[in-house]
Amino acid sequence: MKMISLFNQAGALRSYFPESTITRRGEREITWIHSVIPGPLSDTYQLKLHYNHKEGAAVYVLTPQLKLAPGAVTLPHVYSLEEQKLCLWYPKNHEWNTGMYYVHTLIPWACEWLLHYEIWAAGNGWHGGGIEHDNLKEKP
């Protein structure tokens, strides 16, 4: 797997999302911020994708604050409720790597996650699949 340069990732992001904010620090770090509407009846969500060569990639919901479903105590498939850091792939199964474009993987996966979130928040259960795990930031 050959890493796609962050220069090329930024170009693809700009091509797909010309109104987005993209900041890049050479080949070490990139941040993309943009609002998405994942479905025709969906809310608007501001997402942040951040990649750092030491920490890897992460996607966050910046706004709005995600709400819990009736009776729930935490959001499903997030690494941090406070940061609204989404769990989009299972790292141990190597479902994502730096040889994949963000516009073909992480961003559509985040939009799909948001659609499942909206169904879940309405009280209809989580139908997005995935592996159950603890929220890493909330561990004691």
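The values are calculated or read from the model by the stated rules, or taken from the named source; none is laboratory data. Note that this is a predicted model, so its numbers are computed, not measured. Backbone-built Cβ (ideal geometry, glycine too); neighbour counts: all protein chains shown. In case anyone asks, the SASA skips ligands and DNA or RNA and just uses the protein heavy atoms, side chains included. Shrake-Rupley method; radii C 1.70, N 1.55, O 1.52, S 1.80 Å.
The figures follow:
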item	result
In the range 33-60, the residues that are over 18 Å from Asn97 (Cβ atoms) and open to solvent by less than 30 Å² (accessible area, probe 1.4 Å)	Val36, Pro38, Gly39, Ser42, Tyr45, Leu47
Pairs where the first residue, in the range 80-108, is farther than 13 Å from Met1 by Cβ and open to solvent by less than 60 Å² (accessible area, probe 1.4 Å) and the second is part of a loop (DSSP other than H, G, I, E, B) and polar (S, T, N, Q), C-beta under 7 Å, 6+ apart	Ser80/Asn135; Leu81/Thr74; Leu81/Asn135
The one condition in (1) at pLDDT below 90; (2) within 11 Å of the chain's Cα centre (by Cα) that Pro70 fails to fulfil	(2)
Hits in the range 18-40 (condition: of a type outside the set (Lys, Arg) and touching a residue at least 24 places away in the same chain (Cβ under 8 Å))	Glu27, Glu29, Ile30, Trp32, Ile33, Val36, Pro38, Gly39
From His116, His77, residue being of a type outside the set (Lys, Arg) and open to solvent by 30 Å² or more (accessible area, probe 1.4 Å)	His116
Residue within the range 41-50 that is touching a His at 6+ places or on another chain (Cβ under 8 Å) and assigned to a strand (DSSP E or B) present	yes
Residue among Gly129, Gly123 that alone is free of Cβ contacts under 8 Å to residues at least 40 places away in the same chain and out of contact with any Phe, Trp or Tyr (no Cβ under 8 Å at 6 or more places or on another chain)	Gly129
Filter result for the condition that a residue is farther than 25 Å from Gly128 by Cβ, open to solvent by 70 Å² or more (accessible area, probe 1.4 Å), out of contact with any strand residue (DSSP E or B) (no Cβ under 9 Å at 6 or more places or on another chain) and assigned to a loop (DSSP other than H, G, I, E, B), over Lys2, Lys67	Lys2
Filter result for Lys54 (touching a residue at least 40 places away in the same chain (Cβ under 8 Å) and more than 24 Å from His127 (Cβ to Cβ))	no
